[in-house]
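Here is the structure we will look at.
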Amino acid sequence: MIEFKTLLFYLFSAVLVLAALRVITARNPVHAVLFLVLAFFNAAGLWMLLQAEFLAITLVMVYVGAVMVLFLFVVMMLDINVERLRQGFWSYLPLGALIALLMVGEMSLVLGSGYFGAEAFPGSQVTADASNTKELARVMFTDYFFPFELASIILLVAVIVAVMLTLRKRPGNKAMHSSEQIAVQRNDRIRMVKMAVEVDAPAAKGE
Amino acid sequence: MLENYFPILLFILVGLGFGCAPILLGRIVAPHKPDSEKLSPFECGFEPFEDARMKFDVRYYLIAIIFIIFDLEIAFLFPWASIFQEIVNTPAVKLFGFIEMFVFIGILVLGYIYAWAKGALDWE
């Protein structure tokens, strides 16, 4: 009898791998995005099994809640022609495979070395049932407070760039502003013109 | 700790079942006799003019990215709130921990003011 947690782990990872596979094989980009959402949910489940509550909830809240909405909008905005995209798949395959191999090699060099992994970080004196979120907060708001503030600057830049790039007033917009309509004054609409009184010309004689 | 999350797992399972069961039931029980007319997309009785996937306005992108940024801000507020009691009760970091978060929020509010002043939040 395997442990319930192990069973859950295998369930989450199996669905995760299948969903990730569908992300790159789905014909419709919108379906690919939805499979990516499924993959994120399962990754969150895996993190939850590792007792990383904060990361799991952040993954669901930020990635599923916000980033994937953005992805969906981008996919819908681009109007991708899937048939044209698939043209020349086989001719690009060797180069793509080479780059992919190179990246896998680089990643294994970095991740496999002593920079990452459990050995790279000195074990913190944390008991098994300590709150992961609190532990994270203690480190983030003391040792890493500068990167934390830098993150806000990066986000500020992102807001400004997004506004600069995408905000445009379209000419000929006939939208009505109800506040302006309500606040309109009499003088805005009619103009009283002073002019000399006109007198009817005297009637012609003999009529 | 994990047993606290068991109700959520249960919720996911029930939700999955609730979503999938009617579809499966419909597949199994309902009569299934497709023909080309039934399978073709229906648009008020005439042939559809164009693809259903039309281009979205780029403005939705702006809304989404502003949403991401403030969503992230909230994500950072969570750990801060969870140790807030500790921050306040420790004299050494009392002011520092408090101001730190407000500097963070303040910088993001600058972006918010910018977006508002530029009229990015208006929907013409």
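Anything in segment A:150-196 that is over 22 Å from B:Trp123 (Cβ atoms) and either surrounded by 15 or more Cβ atoms within 10 Å (Cβ to Cβ) or of a type in the set (S, T, N, Q) (or both)? List them, or say none. The answer is A:Ala151, A:Ser152, A:Leu155, A:Leu156, A:Gln185, A:Asn187.
With respect to the conditions (1) within 30 Å of A:Leu167 (Cβ to Cβ); (2) of a type outside the set (S, T, N, Q); (3) surrounded by 11 or more Cβ atoms within 10 Å (Cβ to Cβ); (4) at pLDDT 85 or above, B:Leu62 lacks only one, and its number is (4). Is one or more of the residues making up segment A:156-175 more than 14 Å from every other protein chain (Cβ to nearest Cβ), in a loop (DSSP other than H, G, I, E, B) and within 21 Å of B:Ala117 (Cβ to Cβ)? No. Among the residues of segment A:123-132, is any within 14 Å of chain B (Cβ to nearest Cβ), modelled with pLDDT of 75 or more and touching an Asp or Glu at 6+ places or on another chain (Cβ under 6 Å)? Yes; the residues of segment A:123-132 include at least one that is within 14 Å of chain B (Cβ to nearest Cβ), modelled with pLDDT of 75 or more and touching an Asp or Glu at 6+ places or on another chain (Cβ under 6 Å).
Based on this model, can you work out whether B:Ile65 counts as in contact (Cβ under 8 Å) with a residue 40 or more places away in the chain and of a type outside the set (S, T, N, Q)? Answer is no for this residue.
When A:Ser152, A:Ser91 are screened for being modelled with pLDDT of 90 or more and of a type in the set (S, T, N, Q), only A:Ser152 passes. Scanning segment B:23-68 for residues that are within 14 Å of chain A (Cβ to nearest Cβ) and hydrophobic (A, V, I, L, M, F, W, C) yields B:Ala52, B:Met54, B:Phe56, B:Val58, B:Leu62, B:Ile63, B:Ala64, B:Ile65, B:Ile66, B:Phe67, B:Ile68. Test of understanding: among B:Ala120, B:Ala30, which residue is of a type in the set (A, V, I, L, M), more than 29 Å from A:Glu53 (Cβ to Cβ) and surrounded by 12 or more Cβ atoms within 10 Å (Cβ to Cβ)? Result of the check over B:Ala120, B:Ala30: B:Ala120.
Conditions (1) surrounded by 12 or more Cβ atoms within 10 Å (Cβ to Cβ); (2) in contact with a Leu (Cβ under 9 Å, 6 or more places away or on another chain); (3) under 30 Å from A:Ser152 (Cβ atoms); (4) not hydroxyl-bearing (Ser, Thr, Tyr), marked per residue:
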| position | (1), (2), (3), (4) |
| --- | --- |
| B:Asn4 | no, no, no, yes |
| B:Leu16 | no, no, no, yes |
| B:Ser36 | no, no, no, no |
| B:Glu47 | no, no, no, yes |
| B:Ile68 | yes, yes, yes, yes |
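Do we find a residue being part of a helix (DSSP H, G or I) and under 21 Å from the mean Cα position of the chain (by Cα) anywhere in segment A:77-86? Yes, some residue in segment A:77-86 is part of a helix (DSSP H, G or I) and under 21 Å from the mean Cα position of the chain (by Cα). Out of all the residues in segment A:136-155, which are hydrophobic (A, V, I, L, M, F, W, C), within 17 Å of B:Asp71 (Cβ to Cβ) and within 7 Å of chain B (Cβ to nearest Cβ)? Once the filter is applied, which keeps residues that are hydrophobic (A, V, I, L, M, F, W, C), within 17 Å of B:Asp71 (Cβ to Cβ) and within 7 Å of chain B (Cβ to nearest Cβ), segment A:136-155 yields A:Phe148, A:Leu155.
Restricted to segment A:1-45, and to residues there that are among the basic types (Lys, Arg) and in a helix (DSSP H, G or I), the residue that is farthest from A:Thr58 (Cα to Cα) is A:Arg22. Taking the conditions (1) surrounded by 19 or more Cβ atoms within 10 Å (Cβ to Cβ); (2) more than 7 Å from chain A (Cβ to nearest Cβ); (3) out of contact with any Gly (no Cβ under 7 Å at 6 or more places or on another chain) in turn, B:Ile87 satisfies each one other than (3). Scan segment B:69-78 for residues that are within 7 Å of chain A (Cβ to nearest Cβ) and either among the acidic types (Asp, Glu) or under 14 Å from B:Ala115 (Cα atoms) (or both) and jot them down. Hits for segment B:69-78 are B:Ile69, B:Asp71.
The values are calculated or read from the model by the stated rules, or taken from the named source; none is laboratory data. Note that this is a predicted model, so its numbers are computed, not measured. With ideal geometry, Cβ positions are generated from the backbone for all residues, glycine too; neighbour counts draw on all protein chains shown.
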